[in-house]
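What follows is a single structure, written as structure tokens, with notes after it.
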């Protein structure tokens, strides 16, 4: 038997474990192993090494999963109000932008309604101011309530 | 439902659940992958304490970045990639080096009795001694291939290396492992 055959057999033994063998290679290797004690022993050593690796025991720390579940749960709860607050601030900013852009148009509407109903200009300005400040006031109130709830928790 | 049956993960449902940050799903995954993930982290960090910290950190990342899992790749591949990146981050913070610098696994006890500890050390020690002498890069691919049964492309994804590099590490690692185990067996 040539040295090349042994080298090929050793390579195929590893190849079988790592990425699998084509049928022809598999048949050649089987034939070789039947007639070569040294390569057969190498194949057995590889098989045993992999089996030992597969079956290597690892002891898990006590309650690892339960402790992780608890901490992940806490983090999920903490993240929830943060997400809601973020959404709230975005809506506040959007509403302010919309308010500023639409303010001249809305004021004209107020003026027309005031003239039609005969409401004094001071009252009109007050109501217009409230209309403009109300969304921000509501957002601030919700934000304060949420903060209080989180602190209580 | 997350799974079509108890063993076959439905990746699309899994991805949707992670996007929703479904607490029941996360609890289920933590239990399901606890052994494999801890074993992988232990293999990379060589320290039970560090592996435990990174185990929890990995699940925080899964919670925070669950929307990044699309379901197109295997969940375990994604999970191990997160874990591996955390190990690399940790080692960069400690010393700017790669996985090569990791040492042989040291397995201290949690609080077992001396008798339990001795028995466990005997069981685990022999294998870990042999494995621990291998370079971390080789140890890692051997573990992913033969313990986690990941395919070669999945391993390439996890270790962020080209397929030929993964194969080369596997062949070299296998050869070294055989030698180490042969020696430890002979001792």
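What follows draws every value from the coordinates through simple rules; no lab data is involved. Because the structure is a prediction, the values reported are computed rather than measured. Methodologically, a virtual Cβ is constructed for each residue, glycine included, from the backbone with ideal geometry; neighbour enumeration extends over all protein chains shown.
Things to note:
- Per residue of chain A, the DSSP helices (runs of n ≥ 4 H) give a summed -39500 (n - 2.57) that works out to -31500 deg cm²/dmol at 222 nm.
- The shape of the stretch B:9-94 can be summarised by an equivalent ellipsoid whose semi-axes, obtained from the alpha carbon gyration tensor, come to 23, 13, 11 Å from longest to shortest.
- Helix A:23-35 axis, angle to chain A major axis (alpha carbon atoms, nearest 10°): 40
- Here the extension length gained between residue A:141 and residue A:125 equals 3.4 nm, from 0.36 nm per residue of separation less the Cα-Cα distance.
- Efficiency of FRET from Cβ geometry, residue B:133 and residue A:26, R₀ 45 Å, rounded to 0.05: 0.90
- With semi-axes defined as the square roots of five times the eigenvalues of the C-alpha gyration tensor, the equivalent ellipsoid of the stretch B:132-180 measures 17, 11, 9 Å, largest first.
- Angle of helix A:64-117 to the longest C-alpha principal axis of chain A, folded into 0 to 90 degrees and rounded to 10: 30°.
- Shielding score for B:167-178, defined as the mean number of other chain Cβ atoms within 10 Å: 4
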